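Following: one structure in structure tokens, then a few remarks.
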Amino acid sequence: MSFESTSHTHTLNGTRQIVFLTKELFLDEITSCDNDLHTKTFSKDFITALHTLQQRYTLVVLVDEGGYDSIFSLLHTFDIELSFYYTHLPLKETLDASTIKDILVVKEFYQQQIYAPLSMYLIQPHFKLSLIDPSVGQDATSFLEEVLTLSFFNYDELVSWILSHPTSYQSLITSLHSGAKILENGGLVAFPTETVYGLGADATNPDAVERIFSAKQRPFFDPLIVHLSHKDQVGPLVRFLPEKAEILITHFWPGPLTIVLPKSDLVPDIVTAGHPSVALRMPNNRLALELIRLSNKPIAAPSANKFGCTSPTTAQHVLDQLEGEFEKIIDGGGCTVGIESTVISFLEEIPIILRPGGIDQQTIESVIGKVAHQVHDSSQEMSTSPGMLPSHYATSTPLVIVDDYREYASRSDVGVLLFGKSEYLFTGPVEYLSPSSNPAEAAKRLYQAMRKLDSLSLSLLVVKLLPETGIGIAVNNRLTKAAGNFQPKRS
Ligand code: TXA
Ligand code: MG
């Protein structure tokens, strides 16, 4: 490959680590008018993030064409020093693994030429961070062999992750090994999954599992999901595996689908709350899978929040409610699905969805045919899947489902969760679930947004339900449960 560096390369020196930024990051940030760079604005958060990073890192932007000098000058006026490197590579909107291999070539070039100790960070658009294994090519046994991408909800979280993982790749590997040891020895480890963060313990160790219940203040009648890193772990944990369940496993694991099956004697009663069934899932998160694999155990893990409260989608959310209750937390950034797995039971003739979640009913039916779904709020529901109590996922500020935001728009003490756009101008704080009305984005941001508004000491949170299709059904299920029995208060 060929590339040339610009005259700005002198800002690299032999002692600093490097953060690569793709040009799309900037294009993302350049929100205002008409391609005229002189009228562009950068968000305050973006500028703050770059300021913080450049105190410890050299910032390098990878570009495949010219024309960025004016951005360079503009950022210079904010005291941000960027180095530009031109590559002939087509830098795609989101970089895939093959592109990143090419960037590694760039990295090797740096090493040969300037002997800079390189960081493994590549910041992508939409708050994504790729970790590049410094030993790629040398140590092919590493689980991060393929580039690992983490997601964040904002610049602030992205930057603090970088600063708290000074040798990101190595920090993660060390963390996973020590986490696995803790699990093996009966301790608790909080870890990221694609849905929400879980609070894990060795599922075969009743004492360890008991600690989960006390940490969460969770009633013992609410059974836990057992997390696996490999499909082969299912066999020993169940009495039998119906064909349709096996088909779902093939299609959707790893992924946000939990399957309830008749349990074997290997699963202690405390895990299943005395039920003869066990709920199994293989999460689609490489850190979670590696942690479980290293521990050599099936891992029981509920969402890592106090019982009945809003679920956590960042490590900070976990710390906010459960700090001190576990031995270790693996910080894997923000969860990408954002709401819990779909729970489907195979105990009856027709499979039944007990909890809507990351994979919707239609998608499941397209693979195994008709399934039933649990009727909301029946007392029967509570005995079948006791975790689905009428009030759950709740904020401490009362949350109310509304048909129209009109009467709340002018109240400064009311927080608004907004899907899509609104005709109203709100006086109080607004959290945008998805400005483009994308239900998957709304799912991803839901708990983060609920927690944010909940932290503002407001008197009320209001939300309109999403259209009742796809993952919108699961979002509405969580919002309805979070609203519980609250009635709108009139002022
Ligand atoms: O996405 C998820 O499923 C997350 C992440 C951490 O994997 N976990 C999670 O766990 O949401 P938890 O404990 O917050 O919710 C588990 C749900 C509860 O509604 C529980 O009642 C149900 O699964 N469940 C567990 N075992 C069951 C069983 N044997 N029969 C019926 N329902 C069960
Ligand atoms: Mg939960």
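The values are calculated or read from the model by the stated rules, or taken from the named source; none is laboratory data. Here the structure is a predicted model, which is why all the values come from computation and not from measurement. A quick note on method: Cβ atoms are made from the backbone with ideal geometry, for glycine too, and the neighbour counts reach across all protein chains shown. Remember, those area values only see protein heavy atoms, side chains included, never the ligands or the DNA or RNA. Shrake-Rupley method; radii C 1.70, N 1.55, O 1.52, S 1.80 Å.
If I compute solvent accessible area with a 1.4 Å probe over the protein chains, what percent of it on the range 267-333 is carbon and sulfur? Mind showing how you got there, number by number?
On the way: 910 of 2170 Å².
Ligands and nucleic acids excluded, carbon and sulfur give 42 percent.
Within the range 159-246, which chymotrypsin sites (Phe, Trp or Tyr not before Pro) sit in a loop by DSSP and count at most 14 neighbouring Cβ atoms inside 10 Å?
Here the chymotrypsin sites (Phe, Trp or Tyr not before Pro) that fit, given the DSSP loop and packing criteria, are Phe220, Phe221, Phe240.
Once you place label points 7 Å from the Cα toward the Cβ at Gln362 and Thr469, how far apart are they in nm?
For Gln362 paired with Thr469, the spin-label model returns 0.5 nm.
Given the Cα-Cα distance of Arg293 and Ser214 and 0.36 nm per residue of separation, how much length would full extension add, in nm?
Full extension of this stretch gives 25.9 nm more.
Report, in debye and to the nearest 20, how large the dipole of the range 243-292 comes out about its Cα centre when Lys and Arg carry +1 and Asp and Glu carry -1 on their Cβ.
Computed charge dipole of the range 243-292: roughly 160 debye.
On a full-extension model of 0.36 nm per residue, what is the gain between Thr167 and Glu184, subtracting their alpha-carbon distance, rounded to one decimal in nm?
So the chain would gain 3.6 nm between Thr167 and Glu184.
With every protein chain present, what accessible area does Asp202 have (1.4 Å probe, heavy atoms only), rounded to the nearest 10 Å²?
Here the accessible area works out near 10 Å².
Would you mind pulling out the separation of the Cα centroids of the range 271-320 and the range 190-262, in Å?
7 Å
What FRET efficiency comes out for Phe307 versus Asp232 if R0 is 22 angstrom and r is the Cβ-Cβ distance? Round to the nearest 0.05.
0.10
What GluC sites (Glu not before Pro) in the range 414-491 are in a loop by DSSP, with at most 15 other Cβ atoms within 10 Å of the Cβ?
Numbers: sites: Glu423, Glu431, Glu441, Glu468; in loops: Glu423, Glu468.
Qualifying residues, ordered by number: Glu423, Glu468.
Need the full-extension length gain, Asn438 to Lys452, defined as separation in residues times 0.36 nm minus the C-alpha distance. One decimal, nm.
Stretched fully, the Asn438-Lys452 segment lengthens by 3.0 nm.
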